[in-house]
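Q: Just passing along the structure, written as structure tokens.
The values are calculated or read from the model by the stated rules, or taken from the named source; none is laboratory data. In this text, all values refer to a predicted model and were calculated from it rather than measured experimentally. Quick reminder, even Gly has a Cβ in these numbers, built from the backbone with ideal geometry, and neighbours come from all protein chains shown. SASA here: full protein model, heavy atoms, side chains in, ligands and nucleic acids out. Shrake-Rupley method; radii C 1.70, N 1.55, O 1.52, S 1.80 Å.
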Amino acid sequence: QVQLVESGGGLVQAGGSLRLSCAASGTTLMINAMGWYRQAPGKQRELVAAPTSAATTIYADSVKGRFTISRDNAKNTVNLHMNSLTPEDTAVYYCYATDRGIVYWGQGTQVTVSS
């Protein structure tokens, strides 16, 4: 079992920055990928940043050039650096981790961007 806890969400003005963090605990030895999704009110959960098997990262078109993912394998954490935030980035952000075909999710952290 893998447990994921996100942190770093909050309220920020448009144009500002936030860094989200996700810490994995439990049986972390076999974790493969860690990334981020988000879900805005009334919308489906969507991918934000996901590493691929080719050692690259897929970013949603809406966040390319503004968001960057980084992972610290030694600490079992993944961060999402978000710059130039807009009100359209308002959502609950979820991190995920994959382990031998199983996907684990965090509880989510709220990001609200005011105009």
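The rows are residues; the columns are (1) of a type outside the set (Asp, Glu); (2) crowded, with 16+ Cβ neighbours inside 10 Å; (3) out of contact with any Asp or Glu (no Cβ under 8 Å at 6 or more places or on another chain).
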| site | (1), (2), (3) |
| --- | --- |
| Ala24 | yes, yes, yes |
| Met34 | yes, yes, yes |
| Tyr37 | yes, yes, no |
| Asp61 | no, no, yes |
| Lys64 | yes, no, yes |
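Q: Here's something else I'd like to know. Please go through (1) aliphatic (A, V, I, L, M); (2) open to solvent by less than 30 Å² (accessible area, probe 1.4 Å); (3) modelled with pLDDT of 95 or more for Leu47 and return the number of the only condition it doesn't satisfy.
A: (2)
Q: I'm checking my understanding of the structure. Among residues of region 81-95 that are open to solvent by 30 Å² or more (accessible area, probe 1.4 Å) and assigned to a strand (DSSP E or B), which one is farthest from Gly42 (Cα to Cα)?
A: His81
Q: Another question, then. Just checking, how many residues over region 4-16 are of a type in the set (Gly, Ala, Ser), part of a strand (DSSP E or B) and surrounded by 16 or more Cβ atoms within 10 Å (Cβ to Cβ)?
A: 0
Q: Looking at Arg19, Arg100, Arg71, which one is open to solvent by 20 Å² or more (accessible area, probe 1.4 Å), on the phi > 0 side of the Ramachandran plot and not small (Gly, Ala, Ser)? Quick ask: steps written out before the conclusion?
A: Values: Arg19 fails: on the phi > 0 side of the Ramachandran plot; Arg71 fails: on the phi > 0 side of the Ramachandran plot.
The unique qualifying residue is Arg100.
Q: Testing Thr28 on (1) open to solvent by 40 Å² or more (accessible area, probe 1.4 Å); (2) at pLDDT below 95; (3) of a type in the set (S, T, N, Q), one condition comes back false. Which one is that?
A: Against the list (1) open to solvent by 40 Å² or more (accessible area, probe 1.4 Å); (2) at pLDDT below 95; (3) of a type in the set (S, T, N, Q), Thr28 comes up short only on (1).
Q: Further, regarding this structure: Tell me, yes or no, whether region 51-59 has at least one residue that is under 24 Å from Asn32 (Cβ atoms), in contact with a Leu (Cβ under 8 Å, 6 or more places away or on another chain), crowded, with 16+ Cβ neighbours inside 10 Å and at pLDDT 95 or above.
A: Scanning region 51-59 turns up no residue that is under 24 Å from Asn32 (Cβ atoms), in contact with a Leu (Cβ under 8 Å, 6 or more places away or on another chain), crowded, with 16+ Cβ neighbours inside 10 Å and at pLDDT 95 or above.
Q: Name the residue that is modelled with the lowest pLDDT, counting only residues in region 82-103 that are under 18 Å from Ser53 (Cβ atoms) and of a type outside the set (D, E, K, R).
A: The initial filter retains those residues of region 82-103 that are under 18 Å from Ser53 (Cβ atoms), namely 96-103.
When the remaining residues are screened for being of a type outside the set (D, E, K, R), the result is 96-98, 101-103.
Numbers: Tyr96: 97, Ala97: 96, Thr98: 93, Gly101: 90, Ile102: 94, Val103: 96.
Only one residue fits best here, namely Gly101.
Residue-wise test of (1) out of contact with any strand residue (DSSP E or B) (no Cβ under 9 Å at 6 or more places or on another chain); (2) more than 12 Å from Val2 (Cα to Cα); (3) outside any loop (DSSP other than H, G, I, E, B).
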residue	(1), (2), (3)
Ala23	no, no, yes
Thr28	no, no, no
Asn32	no, no, no
Gly42	yes, yes, no
Arg71	no, yes, yes
Lys75	no, yes, no
Asn79	no, yes, yes
Ala97	no, no, yes
Tyr104	no, no, yes
